[in-house]
């Protein structure tokens with residue numbers, strides 16, 4: 001079976017630092033796969049807050065995670081400071097991919113690349129909706145979809 005490969009976006013829109021906590025460590029003594037998803041969730045929340053949004057209110061709609069893929073590149077350990085860079089790719093009418101790159105700040109090692117596919121969702125009507133153009137414009141991507 002071929003390995004997962006996550007392509008990086010042309011540019012990153014946001015970066016944040018997050019320290020690896022003890023509860024992020026698995027029985028192998030390194031960053032656990034479940035913790036990676038929690039770390040990027042925190043980065044995603046910070047990204048949306050940076051733009052003035054929440055995951056439930058991006059110009060009146062929210063998001064749903066449709067899929068996720070992780071490509072591990074190196075181990076990370078308790079206390080490491082990870083820079084998480086976030087960008088968008090594969091922009092469609094109703095969704096896009098959020099792409100993350102985790103870099104260990106202490107040794108500049110790439111720890112992982114992650115992709116989460118998101119769709120925009122109206123929680124009131126329980127329907128997938130179009131990406132708000134104002135969101136794309138704020139990301140500097142107006143007209144890309």
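The values are calculated or read from the model by the stated rules, or taken from the named source; none is laboratory data. Predicted, not measured: the structure shown is a model, and the values here were computed from it. Positions of Cβ are generated from backbone atoms using ideal geometry, with glycine treated the same way; all protein chains shown enter the neighbour counts.
Of all residues assigned to segment 56-78, at least one qualifies as being free of Cβ contacts under 8 Å to residues at least 40 places away in the same chain, out of contact with any helix residue (DSSP H, G or I) (no Cβ under 8 Å at 6 or more places or on another chain) and surrounded by 14 or more Cβ atoms within 10 Å (Cβ to Cβ). If you go through segment 106-132 and pick out every residue that is over 19 Å from the mean Cα position of the chain (by Cα), surrounded by 14 or more Cβ atoms within 10 Å (Cβ to Cβ) and either closer than 26 Å to residue 4 by Cα or at pLDDT below 95 (or both), you end up with 0. When residue 87 is tested against (1) loosely packed, with under 15 Cβ neighbours inside 10 Å; (2) in contact with a strand residue (DSSP E or B) (Cβ under 7 Å, 6 or more places away or on another chain), exactly one condition is not met: (1). If you filter segment 37-49 down to residues that are surrounded by 14 or more Cβ atoms within 10 Å (Cβ to Cβ) and touching a residue at least 24 places away in the same chain (Cβ under 8 Å), you find that the one that is farthest from residue 122 (Cα to Cα) is 39. Among the residues of segment 52-92, just one is in a loop (DSSP other than H, G, I, E, B) and within 13 Å of the chain's Cα centre (by Cα), namely 55. Residues in segment 1-15 that are surrounded by fewer than 17 Cβ atoms within 10 Å (Cβ to Cβ) and either in contact with a strand residue (DSSP E or B) (Cβ under 7 Å, 6 or more places away or on another chain) or over 23 Å from residue 49 (Cα atoms) (or both): 1, 2, 3, 4, 5, 7, 8, 11, 12, 15. Yes or no: segment 117-135 includes at least one residue that is under 22 Å from residue 18 (Cα atoms) and either touching a residue at least 60 places away in the same chain (Cβ under 8 Å) or assigned to a loop (DSSP other than H, G, I, E, B) (or both). No, segment 117-135 contains no residue that is under 22 Å from residue 18 (Cα atoms) and either touching a residue at least 60 places away in the same chain (Cβ under 8 Å) or assigned to a loop (DSSP other than H, G, I, E, B) (or both).
Select from segment 1-36 the residues that are part of a helix (DSSP H, G or I), closer than 19 Å to residue 70 by Cβ and in contact (Cβ under 8 Å) with a residue 40 or more places away in the chain and list them in ascending order. Selection gives 24, 36.
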